[in-house]
Amino acid sequence: MARGSSASAAKESRQPKPPKLPRKPASALAERYTTVDGFSVFYRESPDPTPDARVMMHVHGFGLSGRYLLPTAQVLSDEFHTLVPDLPGFGRSAKAGALLDVPDLAHAAARFLDSMGIERATLVGNSMGCPVICEFAYRYPERIDRAILVSPAGGLYNQPLRRAMAQLTKDGPREPRKMVTVATPDYLRFGVPSTFKMFKALTEYPTLERLLALTIPTLVVLGDRDPLLPGPERVKEVAAQTDNHVLVVRIEGAAHAINFSHPGELSNVIRLFMEDKPIVDDPDSPGQATVYEIHRGTYHPPAQAG
């Protein structure tokens, strides 16, 4: 064997190997690892996306992995090339050397798409994932088609930390019981020190400024039972602050983790938004929740009939 080949083999042997995949997949999506900036990143993906399918990446919330996003992501995975990564430092992905802030997470999301060979995507976020998407759109406007912000969090209404914790405590009983079994391992893995550092990063992030600066079609989905969000009047006041591209939809009966608790209603709203159709209730989820539009920005694409 040549010296160069021997050195190359030795170098490869020193490369960190990705952790083993879970024995039992959490959904029908394929489970894989990739490398982002030297860190092992776990993600889930549509098993066999069609070549012309639009790419849709789902971005998780504070302290959580992408697992709780799977109910909605799986429903949409046949129509869209679906990606659900655990961002570095979260879930099954490797811990970052230094705790990531919102701009770092937006950069990691872009680098994740690089690892997939994907130039542009629609981004769907929940809670903290929404500020990450806003920052992604601010830094990489040419790489995002549309933004879907579900239960956006991280603004003044969630500060200080004790208020946010009280809101989360109030939200817990409003979520499906199974959410506890999904979220608890993620929170324990994330850890208390990371929680305080990440919350500080969120308080320093200009969430509202970035949201109002969006210049792409943007869907905001709110639950009327979400204690982490202000009332409807404040939402309308904020939405009307600028002529923008934002469409705001409310789901009655939903709390904060809508992606987990109401996948039928949410995926229906997302499909209608992606096709610029009027927002109507999901006919396949009768009696579960009521969906209605509460604001359509001046520059948002008009609803197309049919």
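In the set A96, A110, A147, A153, which member is small (G, A, S) and more than 17 Å from the chain's Cα centre (by Cα)?
On the way: A110 fails: more than 17 Å from the chain's Cα centre (by Cα); A147 fails: more than 17 Å from the chain's Cα centre (by Cα); A153 fails: more than 17 Å from the chain's Cα centre (by Cα).
Selected residue: A96, the only one of A96, A110, A147, A153 that is small (G, A, S) and more than 17 Å from the chain's Cα centre (by Cα).
When you scan region 213-285 for helices (runs of 4 or more DSSP H) that lie fully inside it, which ones turn up with 2 or more residues that are out of contact with any helix residue (DSSP H, G or I) (no Cβ under 8 Å at 6 or more places or on another chain) and of a type outside the set (G, A, S)?
Numbers: elements: 232-239, 258-261, 263-274.
By residue number, 232-239, 263-274.
Residue under question is H245, and the condition is that it be at negative phi and modelled with pLDDT under 90; does it hold?
On the way: at negative phi: yes; modelled with pLDDT under 90: yes.
Here the answer is yes, as H245 does meet what is asked.
For region 183-216, what are the residues that are without any contact (Cβ under 8 Å) to a residue 60 or more places away in the chain and among the aliphatic types (A, V, I, L, M)?
Looking only at region 183-216, we keep the residues that are without any contact (Cβ under 8 Å) to a residue 60 or more places away in the chain, and these are 184-185, 188, 191-193, 196, 200, 203, 206, 208-209, 212.
Once the filter is applied, which keeps residues that are without any contact (Cβ under 8 Å) to a residue 60 or more places away in the chain and among the aliphatic types (A, V, I, L, M), region 183-216 yields L188, V192, L208, L212.
In region 160-193, what count of residues is obtained for those that are within 14 Å of S65 (Cα to Cα) and polar (S, T, N, Q)?
Number of matching residues: 2.
Spot the failing condition for V75; the list is (1) more than 30 Å from F196 (Cα to Cα); (2) among the hydrophobic types (A, V, I, L, M, F, W, C); (3) surrounded by 24 or more Cβ atoms within 10 Å (Cβ to Cβ), and only one is missed.
Of everything listed in (1) more than 30 Å from F196 (Cα to Cα); (2) among the hydrophobic types (A, V, I, L, M, F, W, C); (3) surrounded by 24 or more Cβ atoms within 10 Å (Cβ to Cβ), V75 misses just condition (3).
Just to be sure I understand, how many residues within region 36-91 are modelled with pLDDT under 95, out of contact with any Pro (no Cβ under 6 Å at 6 or more places or on another chain) and outside any loop (DSSP other than H, G, I, E, B)?
Result for region 36-91: 1.
Quick test for you: out of T169, T181, T195, pick the one residue that is at negative phi, polar (S, T, N, Q) and modelled with pLDDT of 85 or more.
Values: T169 fails: modelled with pLDDT of 85 or more; T195 fails: modelled with pLDDT of 85 or more.
Result: T181 is the single residue among T169, T181, T195 that is at negative phi, polar (S, T, N, Q) and modelled with pLDDT of 85 or more.
The values are calculated or read from the model by the stated rules, or taken from the named source; none is laboratory data. What you see is a predicted model; the values in this text were computed from it and never measured. All Cβ positions, glycine included, derive from the backbone under ideal geometry; neighbour counts span all protein chains shown.
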